[in-house]
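The values are calculated or read from the model by the stated rules, or taken from the named source; none is laboratory data. Given the structure is predicted, the values throughout are model-derived calculations rather than measurements. With ideal geometry, Cβ positions are generated from the backbone for all residues, glycine too; neighbour counts draw on all protein chains shown.
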Amino acid sequence: MSEEIQHTELNALISLLDEPSNPVFDKIKEKILYYGIEAIPFLEDAWDNSFDNDIQGRIEEIIHSIQLRNLKDELINWKENNPLDLLEGFYLVSKYQYPDLDYNVQKENVTRIEKDIWLELNSNLTALEKVKVINHVLFDINRFAGNKTNIEAPQNLFLNNILETRKGNHLSLGILYIILSQKLGIPIFGVNLPQHFILAYMDEVRDEKIALEDENEVLFYVNPFNKGAVFTQREIELFIKHLKLKPNASFYKPCDNIDIIQRLLKNVIASYTKIGYLEKVEELEDILGVL
């Protein structure tokens with residue numbers, strides 16, 4: 001079928017969105033959904049040219065359904081083909097709330113910070129000195145900080161918001177810290193500590209695969225929510241004891257990027273649950289299911 005015929009059929013389907021019967025509308029909607037992302041410009045054009053609130057509402061519903069389907073496909077593709085790219089995973093989660101978000105714009109904003117750090121680094125620096133450089137550029141020069149007054153707001157968890165406002169929570173700041181570090185070849189990874197996401201600086205001399213399987217290969221830990229403060233395993237042990245949790249090896253060693261993005265989605269779900277956005281919660285739980 002030629003592109004011209006497809007576009008003609010799509011426009012014909014969109015012209016039927018004033019169908020009063022809901023069952024018939026559902027069939028029309030499903031046929032439009034078949035076209036996927038390609039249908040969105042046609043739907044947006046129809047929205048602009050309509051003065052009927054009901055039709056506009058139906059168009060918005062279809063566009064949202066297309067975007068959700070596409071996002072799930074993109075997350076599955078990321079998980080199966082590109083899970084080492086944490087920036088893409090972070091971007092995709094943010095795209096749920098901001099479907100028109102431009103990946104290249106976000107990447108450029110991150111790259112600017114990365115270059116600032118790179119200019120301060122040299123091969124003679126110790127692991128601690130490298131962390132001091134990252135902390136200085138991220139928290140002193142670029143003024144990133146923990147959003148302590150509104151820590152549970154969903155906005156703390158989306159990439160574009162953090163880059164614009166310079167505010168985030170322990171998880172989002174931690175993910176940004178990991179992305180910047182790893183782009184510069186610095187072996188910093190996330191640790192799935194309960195109620196608090198922290199980072200581990202791994203022994204860069206050892207084989208990375210071995211290092212990631214053994215918490216004894218952690219040189220020290222970093223708290224991104226506290227301006228990159230450095231601490232040891234002893235502090236984690238005290239924290240676990242304070243929470244009255246049974247010690248677990250996963251509290252001390254790195255997790256993979258899929259675990260991190262799953263945790264990010266769970267945090268977004270918890271945040272929307274608290275403010276009563278239950279429709280978003282349902283959609284996000286569906287998205288989480290693909291991971």
Item to complete: Starting from the range 247-262, keep only residues that are without any contact (Cβ under 8 Å) to a residue 24 or more places away in the chain, then list their pairs with residues that are among the hydrophobic types (A, V, I, L, M, F, W, C) and assigned to a helix (DSSP H, G or I) whose Cβ atoms are within a distance under 8 Å, requiring at least 6 positions of separation or different chains.
Response: P247/I240
Worksheet item: Is it true that D100 is out of contact with any helix residue (DSSP H, G or I) (no Cβ under 8 Å at 6 or more places or on another chain), among the charged types (D, E, K, R) and not in a helix (DSSP H, G or I)?
Response: yes
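Conditions tested, residue by residue: (1) within 15 Å of the chain's Cα centre (by Cα); (2) closer than 30 Å to V290 by Cβ.
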| position | (1), (2) |
| --- | --- |
| W47 | no, yes |
| S94 | yes, yes |
| D100 | yes, yes |
| R112 | no, no |
| L128 | no, no |
Item to complete: Kindly list, by first and then second residue, each pair from a residue in the range 46-73 that is in contact (Cβ under 8 Å) with a residue 40 or more places away in the chain and small (G, A, S) to a residue that is surrounded by fewer than 18 Cβ atoms within 10 Å (Cβ to Cβ) and assigned to a helix (DSSP H, G or I), limited to pairs with Cβ atoms under 9 Å and residues at least 6 apart or on different chains.
Response: none
Worksheet item: Tell me, which residue of the range 112-161 that is within 22 Å of F90 (Cβ to Cβ) and acidic (D, E) is surrounded by the fewest Cβ atoms within 10 Å (Cβ to Cβ)?
Response: E152
Worksheet item: For the range 48-77, what are the residues that are surrounded by 16 or more Cβ atoms within 10 Å (Cβ to Cβ) and touching a Gly at 6+ places or on another chain (Cβ under 7 Å)?
Response: I66
Fill in: Search result, residues across the range 129-142 that are within 26 Å of Q195 (Cβ to Cβ) and not polar (S, T, N, Q)
V131, I134, L138, F139
Practice prompt. Tell me which residues, restricted to the range 77-90, are farther than 19 Å from S65 by Cα and part of a helix (DSSP H, G or I).
Written response: W78, K79, E80, N81, L86, L87, E88, G89, F90
Discussion item. For the condition crowded, with 17+ Cβ neighbours inside 10 Å, outside the structural domain of K72 (by TED's automatic domain parsing), modelled with pLDDT under 90 and closer than 26 Å to E80 by Cα, what is the one hit in L212, L264?
Written reply: L212
Worksheet item: Among K130, K148, which is charged (D, E, K, R), assigned to a helix (DSSP H, G or I), out of contact with any Cys (no Cβ under 6 Å at 6 or more places or on another chain) and in the same structural domain as Y277 (by TED's automatic domain parsing)?
Response: K130
